[in-house]
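Q: This structure is in structure tokens; I'll ask about it shortly.
The values are calculated or read from the model by the stated rules, or taken from the named source; none is laboratory data. Computed from a predicted structure; not experimentally measured. Neighbour counts are summed over all protein chains in view; Cβ atoms, including those assigned to glycine, are modelled from backbone coordinates with ideal geometry.
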Amino acid sequence: MPQRKAIRPIRGRIVRRKSNKPRLPSSKWKLLFALGAAMFMFLALIGQLFSVSVIQGKSWTEKAMRQWSRTTYMKAERGKITDRDGTVLASSYTTYQVCVNPQNIQADDRERIAYILSTYLDLDYDTVLAKMTKTRIKRGTEDSESPERVLLSQVKIKDQVDKEVISQLNAMQLGTGVSYYADVKRDYPESGYYAQLIGFTNVDGDGQTGIELTENKNLAGTDGYMKTDTDRDNNPVPGGEEEYILPIAGGNVTLTTNTGLQAILENALEEAATVNNAKTAYGILLSPKTGEIYAEGTYPTFDSSNPPRSDAKTLLELSRNRIVTDTYEPGSTFKVVTLASALDSGAVSINTSFNCSGSLLVKGEKIKCWNKRGHGPETLTEAVANSCNPAFMSMALRMGIDKFYDYIYAFGFNDTTGSGIMGETSGTVTHKKYVRDADLARIGFGQSISCTGMQLTMAFTAAINGGELLKPYIISEITDNEGNVILKNERTVVRRVIAPQTSEIVRGMLKNVVDNGSGKNAQIYGYTVGGKTGTSQKYEEDGSVSSTRLIASFIGFAPVTDPQFVCLIVVDEPQVPSVYGSTVAAPFVQQVLASSLSLMGVPADNANLSASVPNVTGMTVRDAVAALRESGLTATYLETELDSIVTAQSPRSNVTVVNGSNVILYSNGYSFFNYSETEEVEMVKMPSLVGKNDRMYALDQLLKRGLIMDYDPNNCTGYVIWQEYPEGYELPVGSHVRVEFAPEE
């Protein structure tokens, strides 16, 4: 085998052997780099195409369609809202939208068309002309140094233009420069009523408040549209395709209300708020048998067809449906719940008696009766007629926290009623683990608990209808545009609260309140009536109890033998010298019940003697009292008003009432006053101010007693020479007292 020769290294040098592998020429390297770059760009292009066609495909297609076509939307006709008898409360009718097409108007004709449109549409001329000459950058020239501008293809000038105006514009020969599109406008034929309940829509026809908002989905329908092919400047292409989709009309809503009854209630609320100079008044009329709401409203109110949109705060305030949104301490009207609970639980019976000394000591805390002198010995029936606070405190304490709270929750407090009226709240019931005996006692006569008018009405209804708590409802049914029923409400029993025999006893005791107690002003000739008065204090912003801001209310039902109606009226912050539920609210519940019984033809169930109320307005109070006595009637008035002129009366003249009924006189002096009324109003004695040479002293003495001093601010630096009431004279807390001063010399 031949031997290899050893390679001797050369000292100081590195010997490299050449590789036999061939090397690529530089031109081929360049070719490979170009192919790689091309492949990368190709893949990037494929990715971009995928993104545009698949990921963003829908978006780009929509943009392209907007450039290739013009879509004109057609508003669907909104469904009707009617009352139970078919009276239309809200409907829609066709109006038109006026648009200009600036590209179709010659430059020398713009001013003429702008003048005509501004005149007939009642618009500002300069505003119309500015819209007609507004321009945009022409497509395709956006990136140039001097982009070209063109007139807009179409601009809306005004919505909801009546057909008569369109006819006048057509006669002006405006040509293709002006276009008209059908639109829909909302109309409220009974706009004087139902404002808070029905609400209103915005200019686009969408519900904003009330039933219009809560049932917007059913009322709105589905809009239609017309799609037309256009060129690059958005002009119709001759012979292009058109897609026409008809709008689908909305469904119809039928309410449980009766417009006649609604008018009766709202008129009574306006009168109650006006004569009592109250912040607001609200109320409800419903069926105690089914829970159907016949009428409900709030005063002040507004015109649904022309709501004050420019003042958002005022509009929001006027739109509140206070019967479900406002909570308050119900005061003595809550005593019906305490009475029914105590009877049903066995804590008291019809034979139970009480002894009222003017207060009750509860675990060391003295809680007063509204009558500081006390009612003395009294039966349960008498205690209810007297609205005796200690009696109802005793009922609550006998039941105990657990038992009484079971009934309170069973009657529906601390929970919404599900009435279907917008904005309903639930009130406040303090959790029983935080309630002391003194708190429980106060709850017994309607303090330390808050509720809405709707909650109180349904609890009262359960107490007098046989013991069943019903779910109130305002919507009778909803149908689609073809008449198919989507929703139908019927009588719904939430739960049984008390036994039928307990309810019968409660009805009898509430009848006695109207016959012989504080509810006399609710008596109706020919009918038996039951009810309960209530007066409660409000709270100041700092949480303290106000001595001047009060709420007066009355809740009643008729006939007692077969209840057809329950009515609650709440008068918030009446500004009169004395605030009684029996005089501030009861006469107006009487007015509503009497008119409702007559309108609906409910048979009379009482053969009591009648009397006709004479017209005494314009007389002095002294002469009016005499005229009423001659007619077998009594009067409620202030002794200091005898020489004042009667400006209003309740009941009104020529109304048939029960013989011996009370007529409340409103004068241009002070409003009514009645010290003999057995109602829960704290009385204070008038201090002696005459001869005091200090205005602040007089003011302080009156404020300590919860009285308000009226005086001439331009003559109040001397000593007191006259006070309206003598020393020791009893006045209700919150009364105004006139004081006159003389110069110091």
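Q: Could you give every pair whose Cβ atoms fall below 7 Å, whose first residue belongs to segment 92-112 and is under 22 Å from ASP122 (Cβ atoms), and whose second residue is assigned to a helix (DSSP H, G or I) and of a type in the set (S, T, N, Q), counting only separations of at least 6 or pairs across chains?
A: Note: pairs meeting the criteria are ASN101/THR176.
Q: From the list THR479, THR452, pick out the single residue that is closer than 23 Å to SER387 by Cβ and polar (S, T, N, Q).
A: Answer to the selection: THR452.
Q: Look at SER650 and say whether it is surrounded by fewer than 16 Cβ atoms within 10 Å (Cβ to Cβ) and in contact with a strand residue (DSSP E or B) (Cβ under 6 Å, 6 or more places away or on another chain).
A: Here the answer is no, as SER650 does not meet what is asked.
Q: For ASP439, all conditions in the list (1) free of Cβ contacts under 8 Å to residues at least 12 places away in the same chain; (2) surrounded by fewer than 17 Cβ atoms within 10 Å (Cβ to Cβ); (3) acidic (Asp, Glu) hold save one; what is the number of the exception?
A: (2)
Q: Additional query: So for segment 676-684 (the condition being modelled with pLDDT of 80 or more, aliphatic (A, V, I, L, M) and touching a Leu at 6+ places or on another chain (Cβ under 9 Å)), does at least one residue qualify?
A: no
Q: Same structure, new question: Going by the structure shown, is ASP415 in a helix (DSSP H, G or I) and in the same structural domain as ASN355 (by TED's automatic domain parsing)?
A: Spelling it out, it is not the case that ASP415 is in a helix (DSSP H, G or I) and in the same structural domain as ASN355 (by TED's automatic domain parsing).
Q: Same structure again: Name the single residue that is farthest from SER332 (Cα to Cα) among those in segment 372-390 being among the hydrophobic types (A, V, I, L, M, F, W, C) and in contact with a His (Cβ under 8 Å, 6 or more places away or on another chain).
A: ALA383
Q: Does ASP231 satisfy the condition of being closer than 25 Å to VAL155 by Cβ and at pLDDT below 65?
A: yes
Q: Do we have LEU360 as of a type outside the set (Gly, Ala, Ser), modelled with pLDDT of 95 or more and either assigned by TED's automatic domain parsing to the domain that holds VAL324 or within 35 Å of the chain's Cα centre (by Cα) (or both) here?
A: No: the conditions fail for LEU360.
Q: Just to verify a result, which residue in segment 416-436, among those that are in contact (Cβ under 8 Å) with a residue 24 or more places away in the chain and charged (D, E, K, R), is nearest to VAL493 (Cα to Cα)?
A: GLU424
Q: Restricting to segment 178-201, name every residue that is among the β-branched types (Val, Ile, Thr) and within 12 Å of ASN306 (Cα to Cα).
A: Residue satisfying the conditions is THR201 alone.
Q: Quickly run through segment 393-425 and pick out the residues that are within 24 Å of ILE284 (Cβ to Cβ) and out of contact with any strand residue (DSSP E or B) (no Cβ under 9 Å at 6 or more places or on another chain).
A: Within segment 393-425, TYR407, ILE408, TYR409, ASP415, MET422, GLY423 meet the criteria.
Q: Within segment 532-589, how many residues are over 21 Å from ILE284 (Cβ atoms) and modelled with pLDDT of 90 or more?
A: 1
Q: Take the conditions among the basic types (Lys, Arg) and assigned to a loop (DSSP other than H, G, I, E, B) and apply them to ARG186. Does it pass?
A: Criteria not met by ARG186.
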